[in-house]
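What follows is a single structure, written as structure tokens, with notes after it.
The values are calculated or read from the model by the stated rules, or taken from the named source; none is laboratory data. This structure is a prediction, so every number in the text was calculated from the model and none was measured. Counting neighbours? That spans all protein chains shown, and the Cβs are built from the backbone with ideal geometry, glycine included.
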Amino acid sequence: MSGRGPGPAGPPVTYLDHAATSPLRPGVAEAMAPFLGARFANPSGSHRLARDARTALEDARDQVAAALGADPAEVVFTGGGTEADNLAVLGALWARVGPGPATVVCSAVEHAAVLAPAGAAARRAAGHPGAPSVELLLAPVDADGAVLVDGLGELLGEETAVVSVMLANNEVGTVQPVGAVVDAVRRAAPRAVVHTDAVQAAAWLDVAALAAGCDLVSVSAHKVGGPKGAGALVVRRGTRIEPLLFGGGQEQDRRSGTHDVAGAVGLAAALGAARSARAEESARAAALRDRLADGLLSSVAGAVESADRRRVLPGHCHLRFAGVEREELLVLLDEAGVCASAGAACASGALEPSHVLLAMGVPAAQAAGAVRFTLGHTTTAADVDRALAVVPDAVARLRAGG
Ligand code: PLP
């Protein structure tokens with residue numbers, strides 16, 4: 001996606017940060033527009049305009065369900081991926097069978113939207129003497145960032161309430177063995193609820209097939225070319241969750257709040273378009289990504305690829321540049337118009353080493369030079385050419401102390 005950046009004087013923009021967010025796919029804004037205009041009604045009402053909005057909402061639900069291999073009644077619309085993850089982890093934990101101690105088992109490389117609510121639940125329980133304990137247990141990963149199923153298995157037991165393993169990692173892009181995780185949980189902790197965060201995977205992988213065995217599945221619209229602030233949690237029939245938001249009882253009492261009809265329509269349109277284009281887009285992105293990664297590995301001495309490319313999403317290129325600080329490199333790239341990222345977008349801008357890289361066994365000093373380039377549906381060969389022209393130069397400047 002090359003073009004001028006904001007302001008007439010900026011350099012041409014090369015956007016390689018699709019894992020942070022992807023621009024709207026063609027047709028998505030058009031699909032949403034009526035619900036920001038004349039078809040504005042609240043779908044919970046009973047008059048003709050409300051019924052019209054309700055029809056659109058339920059059509060969107062049908063499309064989201066089809067894309068995710070779910071029944072429409074299993075789709076809970078949320079305000080994005082973070083809310084879907086929080087609802088999965090906390091909702092399932094609060095609804096667990098039995099009053100005793102509980103554990104939440106996650107891979108060590110989960111997104112903060114999973115780890116933070118689980119950690120908060122554990123802290124809250126610890127702060128109430130006499131309350132049943134809640135413990136967050138982290139399953140180890142291998143050097144590519146894939147969860148070790150045997151290691152996860154050792155953490156499972158009677159007390160396991162929730163297991164959460166993402167379908168693909170947001171930083172390095174590693175696809176997780178979610179099917180094997182489900183099998184291990186069903187054997188060792190049959191009462192546990194299994195959640196997968198499919199937020200990054202949904203643009204590239206067949207979530208319906210890969211997450212078929214999971215009880216809860218999170219997606220986010222803006223990672224697949226839909227609007228920000230819209231997402232969904234699939235809650236399989238028979239899976240109990242407590243709501244996080246109480247009020248009007250929308251979404252079968254699982255998520256109160258007046259529906260964002262435009263957001264739901266945008267999520268449905270983006271997921272549908274991503275599904276239709278998946279095979280072609282994945283092949284195209286993988287070829288471009290390979291050219292980018294191979295080009296940078298051969299032109300920048302000391303550059304290392306963080307994970308085996310055969311195990312990561314087609315759009316992910318995660319590299320470590322020895323001897324440079326990622327923040328300084330990202331500034332130079334930004335000045336040249338290349339938008340990349342350090343991995344997880346962190347609102348605080350904190351410079352802490354990535355928990356994902358540390359869990360993979362990458363020393364903190366090496367993690368400091370890690371940069372994530374992520375390609376997506378708008379990425380062109382010209383974007384890759386430009387990154388190949390800009391990055392080696394920027395690394396050389398930093399290494400020379402410039
Ligand atoms: N889960 C993963 C794996 C993500 O990459 C993100 C976003 O970065 C989220 C959850 C949060 O999604 P949202 O931005 O829609 O809240």
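Restricting attention to the range 22-63, the residues that are surrounded by fewer than 18 Cβ atoms within 10 Å (Cβ to Cβ), out of contact with any strand residue (DSSP E or B) (no Cβ under 8 Å at 6 or more places or on another chain) and not in a helix (DSSP H, G or I) total 11. For the range 157-177, a residue qualifies if it is farther than 27 Å from Asp17 by Cβ and in contact with a Leu (Cβ under 6 Å, 6 or more places away or on another chain), and the qualifying residues are Ala161, Val162.
Conditions tested, residue by residue: (1) over 15 Å from Pro43 (Cβ atoms); (2) in contact (Cβ under 8 Å) with a residue 40 or more places away in the chain; (3) assigned to a loop (DSSP other than H, G, I, E, B).
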residue: Arg240; (1), (2), (3): yes, yes, yes
residue: Glu251; (1), (2), (3): no, yes, yes
residue: Val265; (1), (2), (3): no, yes, no
residue: Ala268; (1), (2), (3): no, yes, no
residue: Glu280; (1), (2), (3): yes, no, no
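Quick check on the range 255-266. Is at least one of its residues surrounded by fewer than 18 Cβ atoms within 10 Å (Cβ to Cβ) and within 18 Å of Val185 (Cβ to Cβ)? The answer is no, given that none of the residues of the range 255-266 is surrounded by fewer than 18 Cβ atoms within 10 Å (Cβ to Cβ) and within 18 Å of Val185 (Cβ to Cβ).
Condition check ((1) within 17 Å of Ala387 (Cβ to Cβ); (2) part of a loop (DSSP other than H, G, I, E, B)) across all residues:
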residue: Leu297; (1), (2): yes, no
residue: Ala301; (1), (2): no, yes
residue: Ala307; (1), (2): no, yes
residue: His318; (1), (2): yes, no
residue: Val324; (1), (2): yes, yes
residue: Leu329; (1), (2): yes, no
residue: Leu332; (1), (2): yes, no
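Restricting the range 168-190 to residues that are of a type in the set (A, V, I, L, M) and not in a helix (DSSP H, G or I) leaves a set whose member that is nearest to the ligand (Cβ to nearest atom) is Ala168.
Within the range 116-138, the set of residues being surrounded by 16 or more Cβ atoms within 10 Å (Cβ to Cβ) and either under 13 Å from Ala184 (Cα atoms) or modelled with pLDDT under 95 (or both) comprises Ala125 only.
Considering Val199, Val193, the condition of being on the phi < 0 side of the Ramachandran plot, away from the ligand (no atom under 16 Å from the Cβ), modelled with pLDDT of 95 or more and touching a Ser or Thr at 6+ places or on another chain (Cβ under 8 Å) is satisfied by Val193 alone. Could you please find all residues in the range 364-401 being among the aliphatic types (A, V, I, L, M), farther than 19 Å from Glu328 by Cα and in a helix (DSSP H, G or I)? Hits for the range 364-401 are Ala381, Ala382, Val384. All conditions but one from (1) farther than 26 Å from Ser107 by Cα; (2) of a type outside the set (Gly, Ala, Ser); (3) within 16 Å of the ligand (Cβ to nearest atom) apply to Leu216; the one that does not is (1).
Evaluating Val13 against the criteria (1) part of a loop (DSSP other than H, G, I, E, B); (2) out of contact with any helix residue (DSSP H, G or I) (no Cβ under 8 Å at 6 or more places or on another chain) leaves one unmet condition, (1).
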